Amino acid sequence: MKRVVFAFVALAAMTAIAAAADLARRAPAPYYPAQPAIVQIYNWTGFYVGINGGGGFGSSNWDSTGSRDVSGGLIGGTAGYNYQFGQVVAGIEGDIDWSGINGSTTNLCPPGCKTSNTWLATVRGRLGYAADRFMPYITGGAAFGNIKASVPGFAQTSSDNSGWTIGAGLEAALAPNWTAKVEYLYVNLGSFNCGLNCGGGIVTDNVSFHANLLRAGVNYRF
């Protein structure tokens, strides 16, 4: 009889231990598939300010001495506004640069007839295509700048002229508020008549100026 009781007690103990082990096991966690990350598309709408710099090359023509090549650097500031609708970005941009673009010739002018551009500004419309963080664009508008005509040792004169500009570029977003750009502009400031002031009576001329600008810039967006 005792053996039966001991067997029964042992069986009950083993059953309790097995049940406790089953209770200790946790049910496997439910599986939830990973959700794709939500990527926010960059929006170009807003005001911005920045700096730009680069170089220019072109030509200047004097009626009496012909054409001469001009070249030099430029650096300055930029401000503008963009508005994006769909993937189209329309905006307006203005800039003003110090300019060191100049060139001279000794053709029919032994002392050297020189044309200089000391400052240059533009006010342009821009039309771009937003490919998320990249925006190629075309641009065009008005150009303003100084044309100076001089002959070493003689008088010099200058005129603040207005003209036109057209070009294209590519702008890229580096961070939420920072962008960088590269652009090409063709600038034509027309001409002015410097009269006898071109060189103390040596020449009397219409002086023209046009240049190709290659610039890079960094903008901060508000």
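Can you find a residue that is of a type in the set (Lys, Arg), touching a Gly at 6+ places or on another chain (Cβ under 7 Å) and buried (at least 17 other Cβ atoms within 10 Å of the Cβ) anywhere in the stretch 163-183? Yes, the conditions are met somewhere in the stretch 163-183. Checking each residue in the stretch 105-132 for being within 23 Å of the chain's Cα centre (by Cα) and basic (Lys, Arg) picks out ARG124, ARG126.
Applying the condition of being assigned to a strand (DSSP E or B) and modelled with pLDDT under 95 to the stretch 89-114 and asking which residue is farthest from GLY58 (Cα to Cα) yields CYS113.
Got at least one residue in the stretch 145-160 being touching an Asp or Glu at 6+ places or on another chain (Cβ under 7 Å), modelled with pLDDT of 95 or more, part of a strand (DSSP E or B) and surrounded by fewer than 19 Cβ atoms within 10 Å (Cβ to Cβ)? Checked the stretch 145-160: at least one residue is touching an Asp or Glu at 6+ places or on another chain (Cβ under 7 Å), modelled with pLDDT of 95 or more, part of a strand (DSSP E or B) and surrounded by fewer than 19 Cβ atoms within 10 Å (Cβ to Cβ). Of the residues ALA131, ALA142, the single one that is surrounded by fewer than 17 Cβ atoms within 10 Å (Cβ to Cβ) and either under 20 Å from VAL182 (Cβ atoms) or modelled with pLDDT under 95 (or both) is ALA131.
With respect to ARG68, is the statement that it is of a type in the set (Lys, Arg) and surrounded by fewer than 21 Cβ atoms within 10 Å (Cβ to Cβ) true? Yes; evaluated as a whole, the condition is true for this residue. Being modelled with pLDDT under 95, of a type in the set (A, V, I, L, M), in a strand (DSSP E or B) and closer than 21 Å to VAL49 by Cα holds for only one residue in LEU74, LEU170, LEU120, LEU174, and it is LEU174. Identify, please: which residue in the stretch 29-53 is in contact with a Lys or Arg (Cβ under 6 Å, 6 or more places away or on another chain) and either modelled with pLDDT under 95 or among the polar types (S, T, N, Q) (or both) and is, among those, nearest to LEU214 (Cα to Cα)? Looking at the filtered set, the residue picked out is ASN52.
The values are calculated or read from the model by the stated rules, or taken from the named source; none is laboratory data. Source: prediction; values computed, not measured. In this analysis, Cβ positions are derived from the backbone assuming ideal geometry, glycine residues included, and neighbour counts consider all displayed protein chains.
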